[in-house]
Amino acid sequence: MQRELSEVFILRFRYGSEHSMRLRIAAGMVFLLTLVSARQAPKEYQIKAVFLYNFTQFISWPAETPGQDEPFVIGVAGPNPFGNYLEETVKGETVQGHPIVIKYFAQITTVEPCHILFINLTDKSAIKTLTEQAATNHTLTVGDVMNVEKQGGMIRFVTENNKTRLRINLSAAKSADLVISSKLLKLAEVIE
Amino acid sequence: MKRAITGRILRGILLINGIVLLLTCGIFFLYEYVAYRQSRVDELTAISRVISANASAALAFHDADAAREILSALQSEPGITAACLYDAEGKLFATFPASAADKKFPAEPGLESFGMVDDGIAGFHPVTLEARKLGTLYMHGNNHALYERMIVYGILAFCILIFSSLVTYLLYKMLKNRMLKEVQLQTNELRESQATILAFNQQLEQRVVERTEQLEHANKELESFSYSVSHDLRAPLRSIHGYLNILHEEYSSKLDEEGQRVLNIVLKNAQRMGQLIDELLAFSKLGRKELIRSEIRMTDMVNNLVSEQKSLGITGEFIVHPLPAARGDNAMIRQVWTNLISNAVKYSRKKERPVIEIGSVTEAGTTTYFVRDNGAGFDMQYYDKLFGVFQRLHSTKEFEGTGVGLAIVQRVVAKHGGKVSAEGKINEGAVFYFSLSSE
């Protein structure tokens with residue numbers, strides 16, 4: 001629905017008559033602003049989107065992951081809380097030369113192997129299933145729901161005093177052959 | 001005097017020493033300052049690199065506490081007074097010291113390099129992650145290390161100055177004594193050789209005095225000898241002369257013609273001998289006589305003598321030029337003129353028109369008088385004998401005389417410290433010159 005709206009805007013913009021262009025641009029801007037505000041996710045998720053990308057800089061995946069000519073995949077399991085922040089964040093960025101691709105999996109059954117998987121589910125068994133898959137697929141599992149780290153999630157965003165903090169399940173990360181930088185560990189609360 | 005010179009030398013040496021040291025230290029300080037600045041920039045850059053690398057995660061995950069903790073590591077760097085991190089938007093993120101007021105830091109990041117500022121060294125360094133800029137690090141360091149180093153160098157320089165001055169002073173003292181000894185040694189040598197020369201000179205003078213005394217003594221002996229000889233010869237000669245006169249007056253009638261002729265010859269020779277003895281006596285008396293110097297008006301004297309000659313019936317022409325006055329013994333100089341003029345008259349007598357010229361030439365302050373005649377002249381070959389006693393270049397038959405006249409001239413002129421000389425040519429005349437010393 002949102003995607004369609006933006007396409008409509010682009011079409012209108014492209015085929016609009018040349019005269020009174022400025023007016024049209026102004027009108028378009030207003031339209032765009034209302035559009036953005038209409039579908040804006042909470043500011044908190046803007047930060048979390050950046051953090052998700054930042055993990056790529058402080059965590060080492062095993063060699064040949066991702067494979068040659070394959071993209072680096074960031075997936076979101078469950079409803080998408082980020083709006084389009086994730087796309088904005090990774091726009092033009094790469095992970096060691098691999099382009100970054102964002103994938104959304106509404107159903108747990110459709111989840112494909114990813115390099116980073118944000119789990120936005122509350123069902124414990126579903127989380128468990130995903131974290132178990134993650135260990136074999138070398139997937140970094142991240143979430144912000146309660147006890148996600150206890151279900152085998154590797155990193156949990158914890159909000160304290162309006163600030164987003166990290167809690168890291170180091171053994172889970174180790175079982176997926178992921179090496180977390182000491183710099184990152186220093187910032188986080190580490191549980192085994 | 002000696003002390004003043006050595007003191008000045010010492011002060012000069014110490015001054016040069018000080019200037020050289022100061023210059024050296026100045027250049028050293030300057031170099032040290034430049035090197036220090038460079039090394040400080042390098043140092044801060046290196047620290048910045050470490051801090052930036054460590055702070056990347058804190059900036060990436062918006063963890064200001066962790067950033068502050070990382071910055072707090074700067075506590076171990078006493079040269080760092082302040083530091084802070086800006087996030088990607090340029091907003092102040094974390095500071096060091098943690099309690100420092102935000103005002104202490106630049107409002108936003110500036111040029112990413114380090115340089116000298118008023119109170120030390122400061123600059124910015126980017127915090128990047130895989131070419132993505134996460135933020136900026138600001139650091140400010142003080143110059144305490146520089147000041148401390150400069151103080152240490154200052155103290156060192158001062159110590160070196162004192163030490164080198166001391167060493168210079170001691171070396172100078174050592175060398176001074178050696179130099180003074182050398183100088184003294186050479187001075188002594190010079191003095192010794194001077195003394196030797198002086199002694200030698202004295203010896204020479206002594207010898208000259210001795211010789212002169214000997215000569216004078218010999219001269220006096222000779223003079224007294226010739227005086228006494230001539231004096232003592234006179235008495236018997238007078239007696240011979242007297243008895244010869246008696247014989248001539250009272251007994252010549254008893255002698256035949258030949259006897260009378262021989263008697264006349266004896267008488268004539270006795271007379272001549274008396275004349276010779278008289279002149280010899282006069283000559284030897286000259287040596288014993290003391291000079292009595294006075295102003296002599298030569299022109300008057302010569303004119304008197306010329307008119308005396310004329311009154312004797314001399315018919316020659318006399319040309320008398322004006323003559324400068326001179327100092328000398330009046331009677332003796334008169335004798336000189338008399339002898340020279342009568343000589344000239346005598347030897348030009350046989351000429352048809354005898355001309356006698358008397359004049360003077362002044363050259364280089366010395367006046368030379370001359371008497372010129374156009375008479376018989378003489379051969380320059382025999383010049384040596386001209387002024388000798390009883391030396392004659394003409395026979396008595398040609399020109400009468402005893403040969404003492406010119407000898408007397410020479411003696412008198414020599415006594416006056418002057419010189420005599422003559423030029424002549426046979427039958428063309430002669431010139432006699434004499435000068436008196438300017439004294």
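Rule-based calculations on the coordinates, nothing more; no lab input. As the structure is a computational prediction, the values presented were derived from the model and not from experiment. With ideal geometry, Cβ positions are generated from the backbone for all residues, glycine too; neighbour counts draw on all protein chains shown.
Some observations on this one:
- Arranged from fewest to most other beta-carbon atoms within 10 Å of their beta carbon, B:SER253, B:SER437, A:SER175 become B:SER253, B:SER437, A:SER175.
- Diffusion constant of the protein assembly as shown at 4 °C, which comes from Stokes-Einstein with the Kirkwood Cα-pair radius and 1.567 mPa s, µm²/s: 32 µm²/s
- Mean separation of Cα contacts under 8 Å, 6 or more apart, over the residue count of the range B:353-439: relative contact order %: 36 percent
- Inter-chain Cβ neighbour average for residues A:44-56, partner chain, 10 Å: 2
- Gaussian network model of chain B, Cα within-10 Å springs - most flexible of B:TYR153, B:TYR369, B:TYR347: B:TYR153
- Label-to-label distance, nm, for residues given as B:LYS289 and B:ASP118 (7 Å Cα→Cβ offset): 11.7 nm
- Taking amide H as placed 1.01 Å from N in the peptide plane, the amide H of B:ILE356 sits under 5 Å from that of B:GLU317, B:PHE318, B:ILE319, each at least 5 places away or on another chain.
- 5 angstrom amide H check on B:ALA94, placed H, neighbours 5+ away: B:LEU85
- Summarising the amide proton neighbourhood of B:GLY135: residues at separation of 5 or more, or on other chains, whose placed amide H is nearer than 5 Å comprise B:VAL127.
- In plain terms, the C-alpha convex hull of the range B:213-316 casts an average shadow of 11.5 nm² when viewed from every direction.
- Ranking of B:GLU400, B:GLU257 by count of other Cβ atoms within 10 Å, fewest first: B:GLU257, B:GLU400
- Cα gyration tensor shape for the range B:218-274, rounded if a/c is under 1.5, else prolate or oblate: prolate
- Per-pair calculated FRET efficiency, R0 = 25 Å: B:TYR33 and B:TYR169 via Cβ, rounded to 0.05: 0.20
- Distance histogram in 10 Å bins (all Cα pairs of the range A:74-184, percent per bin): 14, 46, 36, 4
- Local electrostatic count, A:ASN147, Cβ distance below 9 Å [Lys/Arg +1, Asp/Glu -1]: +2
- Debye equation applied to the C-alpha atoms of chain B, log10 I(q)/I(0) at 0.12 Å⁻¹: -1.07
- For the range B:70-201, the gyration tensor built on C-alpha atoms gives a prolate shape. Its axis ratio a/c (a ≥ b ≥ c) is at least 1.5, and a/b is the larger of a/b and b/c.
- A DSSP coil position with no more than 13 other Cβ atoms inside 10 Å describes none of the trypsin sites (Lys or Arg not before Pro) in the range A:128-192.
- The mean number of partner chain beta-carbon atoms within 10 angstrom of a residue's beta-carbon across peptide B:132-141 is 1.
- Once the Cα atoms are used to define both axes, helix B:2-60 deviates from the longest principal axis of chain B by about 20 degrees.
- Under conditions of 4 °C and 1.567 mPa s, the range B:114-184 yields 75 µm² s⁻¹ as its translational diffusion coefficient, taking Rh as the Kirkwood radius over Cα pairs in the Stokes-Einstein equation.
- In summary, the lysines within cross-link reach of A:LYS174, defined as a Cα separation below 21 angstrom excluding same-chain residues under 8 places away, comprise A:LYS128, A:LYS150, A:LYS183, A:LYS186.
- As a calculated quantity, the FRET efficiency between B:LEU156 and B:ALA195 at R0 = 51 Å, using C-beta atoms, amounts to about 0.35.
- B:VAL183-B:VAL20 FRET efficiency (beta carbon distance; Förster radius 22 Å; 0.05 resolution): 0.20
- For the segment B:49-58, counting C-beta atoms of other chains within 10 Å of every residue's C-beta and taking the mean gives 3.
- Between the Cα long axis of helix B:298-311 and the first principal axis of chain B there is an angle of about 20°, rounded to the nearest 10.
- Phi-based couplings in Hz for the range B:219-234 (Karplus 6.51, -1.76, 1.60; Gly and Pro marked x): 4, 5, 4, 4, 4, 5, 5, 5, 5, 5, 4, 5, 5, 6, 6, 5
- Cα Rg over Rh - the range B:260-362, Kirkwood: 1.08
- Of the trypsin sites (Lys or Arg not before Pro) in the range B:304-383, those whose Cβ has at most 12 other Cβ within 10 Å and which sit in DSSP loop: B:LYS350
- A:SER182 paired with B:GLN381, simple spin-label distance in nm, labels 7 Å along Cα-to-beta-carbon: 13.7 nm
- Dipole magnitude (debye, nearest 20) for the protein assembly as shown, charges at Cβ of Lys, Arg, Asp, Glu: 1280 debye
- Lys/Arg +1, Asp/Glu -1 at C-beta; the protein assembly as shown dipole; positive extreme among B:GLN335, B:ILE160, B:VAL409: B:GLN335
- For the range A:85-192, share of DSSP beta bridges that run antiparallel, in % to the nearest 5: 45 percent
- Prolate/oblate/rounded call for the range B:335-432, Cα gyration tensor, a/c under 1.5 rounded: oblate
- By the count of neighbouring beta-carbon atoms within 10 Å, fewest first, A:GLU132, B:GLU249 end up ordered B:GLU249, A:GLU132.
- For the protein assembly as shown, the antiparallel share of DSSP beta bridges with both residues in that region comes to about 70%.
- Listed residues B:ILE121, B:LEU15, B:ALA270: farthest to the positive end of the dipole of the protein assembly as shown (Cβ charges): B:ALA270
- Spin-label model, B:TYR243/B:GLU221: points 7 Å from Cα along the beta carbon direction are separated by 3.5 nm.
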